[in-house]
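Only one structure is covered here, and it is reproduced in the block below.
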Amino acid sequence: MRRVAEHGLLIGALVIFGVPLIAQPQPPDFCFVISEPGDADKPLSRAYVVKQQYRERVPYYNSDQQWLKPDTTITLQSRELFKERNDGWRVFTPVVGVSESRILVIAGGDTMRIDLPDDMRPLIDRAWTRWPEPSPDVMRFKPGRRWDVNTCINEVQAGVATHQFILNRLKQEANWVEPPAQIPPPGIRPPEPRRPIEPIAIPEPERPATPKEWEAFWAEQPPLKKVEVERTNADTVWLRISGRVMLNGGCGSGMPLFNIEMRTDTGWVDRIHFEWIQMDCGMPWGDWEGHVVMLPPLRWWVGANSPAATKELMPGTYRIVLKGGNMQEVRSPSFKLR
């Protein structure tokens, strides 16, 4: 009977005290700060905003498969890094658990794009290794290019110790004391000492190598589904676009790549033809649903991009040519210019 009573007391103790013993702190979220282009020890001094674009993953009912919603764009809210003498440091925490996620740091007419992985666990584990509280990674502001987040982080870690300086100040503000090493009971292997943080390997993207592979790659991309003429005013045209459309890639630009065709007695001909070439500063495409875009005034556009003898855009019937994500051309309904 005594053994049964003792066993019952042990179970009761586990029920009462077991939860606090088992509970573990949650890893801190991944967060980051933006520093000056050539000096990671100083915060970016220009006025800037940080946006995140991503596609939400939605599981199919009664299935392990998922589908992706259209692009969502949000402005990330910031907080001050330090409680005292913050000196302009702003901390941003992106949304995780999403797909095709990228950060846009926009300062005036300059934009820096930072691509985030779908699996954020290595970045969160990296922060957890540093300290059990949120501590930001440092990324230099380098506009006009598309960066992988691991490239940005590894570059700063290799060149300066800003992240260590930030970490030391955060620990001082929190009155952090490193917990003493616990002596394990006999027969229990002691934990391995904490190793220095190693750079995260940057995955090499698999790119098509042959014309046939490129053809198959583009065929799998989302198409441009629908183009409508929303309205016209003189030589200005508004288009309503649904699907994936290729953009011109300009910094902070949402302008699609487009050509203009004119109807003649013999059929449709190019009025002004551009090569389908993008800049590499902004977004390469837009995933839109009923999104309305105002094109530049067409007479000005043709005049600015045509030889001297063909600058004038005569009255007539025209249409706009766009290119979808699958590289197929899609034409708008015709409209008249007077």
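Readers should treat all values here as calculations from the given coordinates under stated rules, not as data from a laboratory. If you're wondering where the values come from, they're calculated on a predicted model, not measured in any experiment. All Cβ positions, glycine included, derive from the backbone under ideal geometry; neighbour counts span all protein chains shown.
Would you mind checking the range 281-305 for residues with the amide N under 20 Å from a putative spin-label position 7 Å along Cα→C-beta of Val229?
290-303
Pop out the ³J(HN,Hα) list for the range 75-86 in order, Karplus 6.51 cos²θ - 1.76 cosθ + 1.60 with θ = phi - 60°, rounded to Hz; leave Gly and Pro as x.
Ordered by residue, 3J(HN,Hα) equals 9, 6, 7, 10, 9, 6, 6, 10, 6, 10, 6, 5 Hz.
So what's Rg/Rh here for the range 207-324, counting alpha carbon atoms and using the Kirkwood radius for Rh?
In the range 207-324, Rg relative to Rh is 0.99.
Hey, what do the phi angles of the range 108-125 turn into as Karplus ³J(HN,Hα) couplings, whole Hz, using 6.51/-1.76/1.60 and θ = phi - 60°, x for Gly and Pro?
Once rounded to whole Hz, the list reads x, x, 9, 10, 10, 10, 10, 7, 9, x, 5, 8, 8, 4, x, 6, 5, 4.
If R₀ is 35 angstrom, what is the calculated FRET efficiency for the pair Ile277 and Glu173, using the beta carbon separation as r and rounding to 0.05?
Calculated transfer efficiency: 0.10.
Given 25 °C and 0.890 mPa s, compute D for the range 98-155 with the Stokes-Einstein relation, Rh being the Kirkwood radius over Cα pairs; round to the nearest whole µm²/s.
Reported coefficient: 197 µm²/s.
With 30 Å as the limit, write out which pairs from Lys51/Lys336; Lys51/Lys83; Lys311/Lys336; Lys69/Lys336 have Cα-Cα distances beyond it, or answer none.
Lys51/Lys336; Lys69/Lys336
Using modelled amide H (1.01 Å from N, peptide plane; none on Pro or chain starts), what sits under 5 Å from the amide H of Lys226, excluding residues fewer than 5 places away?
Residues meeting the amide H criterion: Ser242.
Can you list residues whose amide H is under 5 Å from Lys42's amide H, if they're 5+ apart or on another chain and H is modeled 1.01 Å from N?
Glu36
Please arrange Thr264, Thr111, Thr232 by how many other C-beta atoms lie within 10 Å of their C-beta, fewest to most.
Thr264, Thr232, Thr111
Please list the non-local residues whose amide H lies under 5 Å from the amide H of Asn248, H modeled 1.01 Å from N, same-chain partners needing a gap of 5 or more.
Distant-sequence amide H within range of Asn248: Met255, Leu257.
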